[in-house]
Amino acid sequence: NPSKGFYNEERLLKFSRDLVEWNFNKDFILSENWLFEFIIDCWISMTIEISNGVVFTNCPSLQIIEGGSFTNSNIGPLVINTLTGLTNIGNVGDNWGPFDSAGICGELNLTGLNALTTIGTYAFYDNNISSVDFTGLTALTTIDDYAFALNSISSVDFSGLTALTTIGEGAFASNNIS
């Protein structure tokens, strides 16, 4: 219980590093400040409050971000385009998207995700994403149901998505597309 002083900052940071390394096989790197905030927020309020965003770096082996991974976590900006081995952002038919109601804001840059084949059901549902850059996603075959619904997206450019075969039901519903 950190509120009673049982864990000091140094022990929390070590625990956080060990936890992240265990969960992501040492390929998932975040700043120590974020790790400290993550562990404190999880223990005290059971909610992940991330004010500076989430940045994935040095994660070449990460292939799938499963549904519910960051749901309701108040992320802010998200830097995900460094995950060169990523094949799935969620899965088709999931009940929760990996970034469902995650508080993502601003542009979502997916360029560089050359292995990405699937953006699953509810993947980025109910955020405040203003635009999505799909440039270079030549392996993308599926944008599933409600993947980008309930955002603030103003335009979508599908040019260059040569493998795209499916845009699911309501994939871009309730946006500001003109």
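The values are calculated or read from the model by the stated rules, or taken from the named source; none is laboratory data. Note that the coordinates shown come from a computational prediction; the quantities given were computed from them, not determined experimentally. Glycine also receives a Cβ, built like all others from the backbone with ideal geometry; neighbour counts cover every protein chain displayed. Ligands, DNA and RNA are excluded from the accessible area calculation, which covers all protein heavy atoms including side chains. Shrake-Rupley method; radii C 1.70, N 1.55, O 1.52, S 1.80 Å.
Taking Asn52 as meeting all but one of (1) within 11 Å of the chain's Cα centre (by Cα); (2) modelled with pLDDT under 90; (3) not small (Gly, Ala, Ser), write down the number of the exception.
All conditions are met except number (1).
Does any residue in the stretch 106-129 that is in contact (Cβ under 8 Å) with a residue 12 or more places away in the chain and more than 20 Å from Val55 (Cβ to Cβ) come within less than 6 Å, Cβ to Cβ, of a residue that is surrounded by 20 or more Cβ atoms within 10 Å (Cβ to Cβ) and charged (D, E, K, R) six or more places away or on a different chain, and which pairs are these?
Gly120/Asp144; Thr121/Asp144; Thr121/Asp145; Tyr122/Asp100; Tyr125/Asp100
Limited to the stretch 130-148, what total is found for residues that are in a loop (DSSP other than H, G, I, E, B) and either surrounded by fewer than 22 Cβ atoms within 10 Å (Cβ to Cβ) or of a type outside the set (Gly, Ala, Ser) (or both)?
12
Against the conditions (1) open to solvent by 30 Å² or more (accessible area, probe 1.4 Å); (2) under 13 Å from the mean Cα position of the chain (by Cα), where does Ala115 fall short? Just the number, please.
Every condition holds for Ala115 apart from (2).
Considering only residues that are buried (at least 19 other Cβ atoms within 10 Å of the Cβ) and outside any loop (DSSP other than H, G, I, E, B), which ones fall in the stretch 71-110?
Residues satisfying the conditions are Leu78, Asn88, Ile89, Ile104, Leu108.
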